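Take a look at the structure below.
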Amino acid sequence: MADYVLAIDQGTTSSRAIVFDHGGTIVAVGQLEHDQIFPKAGWVEHNPEQIWNNIREVVGIALTRANITKDDLAAVGITNQRETAVVWDKTTGKPVYNAIVWQDTRTQKIVDQLGGSEGADKYKAKVGLPLATYFSGPKVKWILDNVEGARDAAEKGDLLFGNTDTWTLWNLTGGVDGGVHVTDVTNASRTMLMDLDTLQWDESIASDMGIPLSMLPEIRSSSEVYGNGRKHGMLDGVPIAGILGDQQAATFGQACFEVGTAKNTYGTGNFMLLNTGTEKVPSKNGLLTTVCYKIGDQAPVYALEGSIAVTGSLVQWLRDNLGMFTDAPDIEWLAHKVDDNGGAYFVPAFSGLFAPYWRPDARGALVGLTRYVNRNHIARAALEATAFQTREVLDAMNADSGVDLTELKVDGGMTANDLLMQFQADQLGVPVVRPKVAETTALGAAYAAGIAVGFWSGEQDVIDNWAEDKRWTPDVDQGERERLYRNWKKAVSKTLDWVDDDVEQ
Ligand SMILES: Nc1ncnc2c1ncn2[C@@H]1O[C@H](COP(=O)(O)OP(=O)(O)OP(=O)(O)O)[C@@H](O)[C@H]1O
Ligand SMILES: [Mg+2]
């Protein structure tokens with residue numbers, strides 16, 4: 001009897017494999033970090049082969065810790081860091097270049113050229129996204145333009161592209177030996193190449209970017225059997241039956257199936273998604289229109305998304321680049337040593353500013369400094385930055401949807417931080433609620449896969465399994481709340497217009 005579903009969560013900082021039981025409870029976890037490669041200012045890469053090796057290892061760890069084998073698995077679901085682009089040779093299985101990560105800003109010139117006189121909104125009506133370095137399409141163009149021989153090989157049909165979901169699926173299902181080259185609608189909606197209405201690749205945009213259609217994976221739903229685990233592999237014969245980009249997976253795992261429900265995930269960056277149902281809502285306030293999920297033959301469900309590039313990674317930056325503490329959670333006791341930020345505001349515009357500004361010319365700034373400010377204030381300012389950025393996105397969400405959210409479901413690593421979550425509730429003015437299973441990303445992918453094979457009957461099972469763990473309610477003076485937020489906005493204004501010809505690499 002297959003009593004479990006396995007989720008593979010190929011994230012920005014690590015890959016995890018998690019075994020879930022029928023109640024949606026975690027049975028066992030395997031997790032390995034991979035290298036963050038920073039060849040130049042603004043460039044961020046991963047090694048796809050290291051990621052694939054880690055995935056195999058974490059699957060082995062998770063199955064071993066759960067004391068089960070592949071025969072106990074009803075299905076496998078995949079979720080992944082979105083937009084991160086891998087290009088590989090289908091005859092050798094080798095990547096032609098490192099994966100270019102979503103945070104990477106090297107494609108700014110390509111993006112400016114593509115926009116031309118029409119500017120950043122050139123493709124927005126079709127793909128729901130402004131032209132920005134964030135998305136995969138321009139990264140693929142960069143690889144074809146800059147890696148020797150890549151364009152010729154691509155035109156001959158030898159190269160394949162995928163976000164890391166596709167790279168993982170292709171390898172899981174056999175690689176050079178019959179690997180399945182498929183992605184799901186949510187990942188495809190982050191490439192800038194998919195038409196949001198037809199859910200197919202847009203030939204004219206692909207042609208503008210010089211990307212041969214033969215490189216692109218087939219676009220399928222988020223919940224169906226794509227293929228089976230490769231022969232003699234650890235998952236031999238197990239159906240791979242769900243794919244959702246990490247943020248859409250978390251939305252699914254948080255049971256946000258009703259129009260108007262939303263979640264906010266606090267990981268490397270922060271991503272708030274609001275379910276808008278089968279209607280695709282264009283944003284007037286700096287949000288993205290994206291596919292939320294599509295179950296089998298059912299109609300696609302869309303979402304509005306507010307993407308913030310740097311939140312948890314600012315905590316990592318204080319840890320790794322400044323050596324302020326040794327473990328990310330330590331930031332909380334540093335911040336607790338002071339009552340406020342001492343006047344310091346930290347705007348982590350390391351990849352420019354994403355939602356709701358979309359300002360590639362911004363760079364990070366720590367402002368308001370005096371002799372009074374110490375490292376505890378800076379720790380606090382770093383945590384507050386996450387909450388202020390989230391408030392900006394929530395304001396945009398409320399403006400776009402015309403309805404004010406009455407509470408916010410949260411998940412991700414930073415929600416372990418009580419000080420941050422209380423400050424967040426205070427800033428938003430609505431309760432912030434965390435579910436019992438905080439690994440909602442992996443959970444959502446497990447549900448998508450389990451629903452496809454009948455292990456779960458549908459969304460109602462997800463709703464029934466969702467349970468509240470903790471709730472933070474606003475408890476702050478209104479005047480103080482607004483004073484802090486006004487200062488934050490002032491701090492943001494100091495980061496703009498930084499990048500010019502003197503700064504460009
Ligand atoms: N107690 C804490 N306080 C503040 N930040 C924290 C805390 N614990 C973890 N973090 C931050 O949260 C992030 C990890 O969260 P999470 O595990 O959800 O991300 P992730 O899923 O690994 O990210 P990704 O999917 O992007 O790889 C890290 O950036 C880390 O710095
Ligand atoms: Mg994650």
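Just a few scattered comments:
- Close pairs (7 angstrom Cβ cut-off, 6 or more residues apart or separate chains): away from ligand 1 (no atom under 16 Å from the Cβ) in region 399-415, open to solvent by 70 Å² or more (accessible area, probe 1.4 Å) and at pLDDT 90 or above anywhere: ASP400/LYS284
- Entry remark, region 274-287: residues being in a strand (DSSP E or B) and either at pLDDT 95 or above or of a type in the set (Asp, Glu) (or both) number 0 in total.
- Among (1) at pLDDT 95 or above; (2) within 17 Å of the chain's Cα centre (by Cα); (3) of a type in the set (A, V, I, L, M); (4) away from ligand 2 (no atom under 16 Å from the Cβ) - the single one VAL338 does not satisfy: (2)
- Pair list, Cβ < 7 Å and 6+ apart or interchain, from region 361-387 residues that are over 17 Å from LEU484 (Cα atoms) and outside any loop (DSSP other than H, G, I, E, B) to residues that are modelled with pLDDT of 95 or more and open to solvent by 30 Å² or more (accessible area, probe 1.4 Å): ASN376/LYS337
- Count - residues of region 409-426 that are more than 14 Å from ligand 2 (Cβ to nearest atom), buried (at least 22 other Cβ atoms within 10 Å of the Cβ) and not basic (Lys, Arg): 5
- Subset tally (residues that are farther than 30 Å from VAL96 by Cα and either buried (at least 22 other Cβ atoms within 10 Å of the Cβ) or touching a residue at least 12 places away in the same chain (Cβ under 8 Å) (or both)) for region 68-81: 7
- Test for LYS126: is it touching a residue at least 24 places away in the same chain (Cβ under 8 Å) and not in a loop (DSSP other than H, G, I, E, B): yes
- Only residues that are touching a Leu at 6+ places or on another chain (Cβ under 8 Å) and either within 16 Å of ligand 2 (Cβ to nearest atom) or over 16 Å from ALA309 (Cβ atoms) (or both) were counted in region 76-111, giving 9.
- The residues on offer are VAL87, VAL111, VAL140, and the sole one that is open to solvent by less than 20 Å² (accessible area, probe 1.4 Å), modelled with pLDDT of 95 or more, part of a helix (DSSP H, G or I) and away from ligand 1 (no atom under 16 Å from the Cβ) is VAL140.
- Qualifying residue in region 454-465 (condition: β-branched (Val, Ile, Thr) and assigned to a helix (DSSP H, G or I)): yes
- For region 481-505, the candidate set comprises residues that are out of contact with any Gly (no Cβ under 8 Å at 6 or more places or on another chain) and basic (Lys, Arg); within that set, the residue that is least open to solvent (accessible area, probe 1.4 Å) is LYS489.
- Number of the condition not met by LEU353 [criteria: (1) more than 13 Å from ligand 1 (Cβ to nearest atom); (2) at pLDDT below 95; (3) open to solvent by 60 Å² or more (accessible area, probe 1.4 Å)]: (3)
- Within region 330-355, residues that are basic (Lys, Arg) have Cβ atoms under 6 Å from residues that are at pLDDT 95 or above and more than 16 Å from ligand 2 (Cβ to nearest atom) in these pairs: LYS337/ASN376, counting only partners at least 6 apart in sequence or on another chain.
- Answer from ALA396, ALA382, ALA387, ALA362 - the residue that is within 16 Å of ligand 1 (Cβ to nearest atom), farther than 19 Å from PRO474 by Cα and either open to solvent by less than 10 Å² (accessible area, probe 1.4 Å) or under 21 Å from the mean Cα position of the chain (by Cα) (or both): ALA382
- Of all residues in region 1-13 being part of a loop (DSSP other than H, G, I, E, B) and away from ligand 2 (no atom under 14 Å from the Cβ), the one that is farthest from SER457 (Cα to Cα): MET1
- Only residues that are open to solvent by 20 Å² or more (accessible area, probe 1.4 Å) and part of a strand (DSSP E or B) were counted across region 14-65, and they come to 8.
- From the options ILE240, ILE219, ILE211, residue that is closer than 30 Å to GLY116 by Cα, within 23 Å of the chain's Cα centre (by Cα) and either modelled with pLDDT of 95 or more or in a strand (DSSP E or B) (or both): ILE219
For every residue, the table says whether it meets (1) open to solvent by 10 Å² or more (accessible area, probe 1.4 Å); (2) farther than 28 Å from SER222 by Cα.
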{"position": "GLN298", "(1), (2)": "yes, no"}
{"position": "VAL301", "(1), (2)": "yes, no"}
{"position": "ILE308", "(1), (2)": "no, no"}
{"position": "HIS336", "(1), (2)": "yes, yes"}
{"position": "GLY343", "(1), (2)": "yes, yes"}
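- The lone criterion from (1) open to solvent by less than 50 Å² (accessible area, probe 1.4 Å); (2) more than 14 Å from ligand 1 (Cβ to nearest atom); (3) more than 17 Å from THR495 (Cα to Cα) left unmet by VAL347 is number (3).
- Among residues of region 228-284, those that are of a type in the set (D, E, K, R), touching a residue at least 60 places away in the same chain (Cβ under 8 Å) and open to solvent by 10 Å² or more (accessible area, probe 1.4 Å), counted: 4
- If you go through region 182-227 and keep only what is open to solvent by 30 Å² or more (accessible area, probe 1.4 Å) and of a type in the set (A, V, I, L, M, F, W, C), you end up with TRP201, LEU213, VAL225.
The values are calculated or read from the model by the stated rules, or taken from the named source; none is laboratory data. Keep in mind it's a predicted model, so treat the numbers as computed, not measured. Cβ sites come from the backbone with ideal geometry, for glycine too, and all protein chains shown count toward neighbours. Only protein heavy atoms, including side chains, enter the accessible area calculation; ligands, DNA and RNA are left aside. Shrake-Rupley method; radii C 1.70, N 1.55, O 1.52, S 1.80 Å.
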